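Some notes on the structure that comes next.
No lab work stands behind these numbers, since they all come straight from the coordinates. Bear in mind that the values here come from a model prediction, so they are computed numbers and not experimental data. Positions of Cβ are backbone-derived with ideal geometry, glycine not excepted, and every protein chain shown enters the neighbour counts.
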Amino acid sequence: MMRRQREGVLFDGPDWDFATIQRIYDAVEEVASGDLGLDVYQNQVEVITAEQMLDAYASTGMPLLYRHWSFGKHFAAHDSVYRKGFMGLAYEIVINSNPCVSYIMEGNTATMQTLVIAHAAFGHNHFFKNNHLFRQWTDADGILDYLAFAKNYVARCEERYGQAAVERLLDAAHALMSHGVHRYPRKKRPDLRSEERRERERQLHQEQTYNDLWKTVPGKKRGHNKKTDEEHLRALLELPQENLLYFLEKTAPRLKPWQREILRLVRHIAQYFYPQRQTKVMNEGCATYCHYAIMTRLHDQRRITDGSFLEFLQSHTNVVRQPEFDDPHYGEINPYALGFAMMRDIERICRQPEDEDRQWFPEIAGSKDPMGVLKDVWANYRDESFMLQFLSPRLMREWRMFHLVDNPDEPALRVGAIHNEQGYRRVRQSLARHYDMAWLDPDIQVVDVDLAGDRRLELHHNVFNGILLQPDEAEQVLQHLADLWGYGIVLKEIDPSTGATLKEHTARARSPFC
């Protein structure tokens, strides 16, 4: 016998149908747009199966992408662990696109569907649309069309040049993917919707950069000014160059046009994910804060039952749980937990500041406008700057944060900062560095090419804090780089303070790409 749904309640029990999803979406949208004032892309909500979720895991969360053996390996590994009950699946996946695509699991209860729509379709969506890094670096309007183009282009290359040749090229490109991004704004953000047309245009012309580059190889004519030639060469090569995939795409002597285009595909996808690496804590904190506020408001309005709200609270508590450092489950700081805690703390500072808050945050303390402050934060900061600006002494005390110095030259660990004014600033600075890409990614740049001799490519790794590259990983990645360049490679690890070479790695190109 079916239970009768209570008046005004969106759903009663765990079961749902598509009419229920529509009611949930409309109610969540009303609170998100009306009460919170969120500004979002148009939403597209799709229900997927567990197998489709595993497939999304394997292909970096993208709705469609070219084929590669690594995706199948990841799918098989996740599928095996999931079916044995050793891991669960995400309740949703959201794509930074316009329209914003949110995938929700068919196995979710009605309460969980409400939660994930609030979290993904409105929390993440608002962050994607408004944060300056995403606005500067990503083309939300064109990414879905570009992924379809990339998938079809790689498939055509496999048919024409062979799967083995394409797979080897993608292996090399993926190995260099983290060094295939521009870290500083370019003159113009790429228009991904026009890439298919521009690819056809590139096929009709030889790449001018490549032709002009090799015309600058010094000849035997008299009257050459060596210094002028070198300056012209560096200008053409845009040296030093930190975007290795961009450099290879434009200047690698032996690559064919289709190979350059695939490097370009991988480079654009790497650039798409770059803002997400810099805003993990803020992005998840924004979405978690929004879903908490929306679910609480729906419960206050009696649109979800007490039982549903308790189910939500149990899931929410699990999401924002932060194990202690001596807990067997501790791995690292939970970005959901830290992000949500900082958003709630900003809300407290705006509504009920203490004297300490007025001293540390005079511009927002007592402003009585937490959503205005939060929306400004979500739009204008990334994880590193967010923590440097808004991590409060009170939250550091609640989380019992301290700075531990692990210096290999000292006989024991040393506590470098405690809970005093100087210590708070040092703890905040130390934590922020863990989210700074300049600290996390090695600074490797192409600095020179020997065009007059053996065409050897020279790279420098500017060593930071005395940390050298892992020899085995460096050897493997350099081999991929040498294969793409087509000639020898030398990588020097340089001490920036003295200019001394600390270590040197070399690699020679194997058989050229087909």
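Is the stretch 356-371 home to any residue that is under 20 Å from Phe122 (Cβ atoms), in a helix (DSSP H, G or I) and free of Cβ contacts under 8 Å to residues at least 60 places away in the same chain? Checking the stretch 356-371: at least one residue is under 20 Å from Phe122 (Cβ atoms), in a helix (DSSP H, G or I) and free of Cβ contacts under 8 Å to residues at least 60 places away in the same chain. Cβ separations smaller than 6 Å between residues 6+ apart or across chains give the following pairs from the stretch 245-263 residues that are more than 19 Å from Val154 (Cα to Cα) to residues that are buried (at least 21 other Cβ atoms within 10 Å of the Cβ) and of a type outside the set (D, E, K, R): Phe247/Val446; Ala252/Leu484; Ala252/Trp485. Residues that are in a helix (DSSP H, G or I) and touching a strand residue (DSSP E or B) at 6+ places or on another chain (Cβ under 7 Å) do not occur anywhere in the stretch 386-406. Do you know which of the residues in the stretch 326-355 that are in contact with a Ser or Thr (Cβ under 9 Å, 6 or more places away or on another chain) and under 14 Å from Ala287 (Cβ atoms) is surrounded by the fewest Cβ atoms within 10 Å (Cβ to Cβ)? Checked the stretch 326-355; the qualifying residue surrounded by the fewest Cβ atoms within 10 Å (Cβ to Cβ) is Ala337. Residue count for the stretch 297-329 under the criterion of being without any contact (Cβ under 8 Å) to a residue 40 or more places away in the chain and of a type in the set (D, E, K, R): the result is 6.
Listed here are the residues, each with its yes/no results for (1) among the charged types (D, E, K, R); (2) within 24 Å of Met437 (Cβ to Cβ).
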| residue | (1), (2) |
| --- | --- |
| Arg351 | yes, no |
| Phe402 | no, no |
| Val405 | no, yes |
| Gly416 | no, yes |
| His419 | no, no |
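The single residue among Tyr103, Tyr153 that is touching a residue at least 24 places away in the same chain (Cβ under 8 Å) and part of a strand (DSSP E or B) turns out to be Tyr103.
Can you tell me which residue is nearest to His480 (Cα to Cα) among those in the stretch 128-181 that are of a type in the set (Asp, Glu) and touching a helix residue (DSSP H, G or I) at 6+ places or on another chain (Cβ under 9 Å)? Spell out how you get there, then give the answer.
Taking the stretch 128-181 first, the residues of a type in the set (Asp, Glu) are 139, 141, 145, 158-159, 167, 171.
Filter once more, keeping what is touching a helix residue (DSSP H, G or I) at 6+ places or on another chain (Cβ under 9 Å): 139, 141, 145, 158, 167, 171.
Details: Asp139: 29, Asp141: 33, Asp145: 29, Glu158: 20, Glu167: 13, Asp171: 8 Å.
Within the stretch 128-181, the match that is nearest to His480 (Cα to Cα) is Asp171.
Residues in the stretch 398-438 that are of a type outside the set (Ser, Thr, Tyr), within 24 Å of Phe340 (Cα to Cα) and surrounded by 12 or more Cβ atoms within 10 Å (Cβ to Cβ): 18 in all. The criterion of at least 3 residues that are touching a residue at least 40 places away in the same chain (Cβ under 8 Å) is met by the following helices (runs of 4 or more DSSP H) wholly inside the stretch 410-491: 421-433, 471-485. Between Arg344, Arg348, which is among the charged types (D, E, K, R), closer than 26 Å to His119 by Cβ and out of contact with any Lys or Arg (no Cβ under 9 Å at 6 or more places or on another chain)? Exactly one of Arg344, Arg348 is among the charged types (D, E, K, R), closer than 26 Å to His119 by Cβ and out of contact with any Lys or Arg (no Cβ under 9 Å at 6 or more places or on another chain), namely Arg344.
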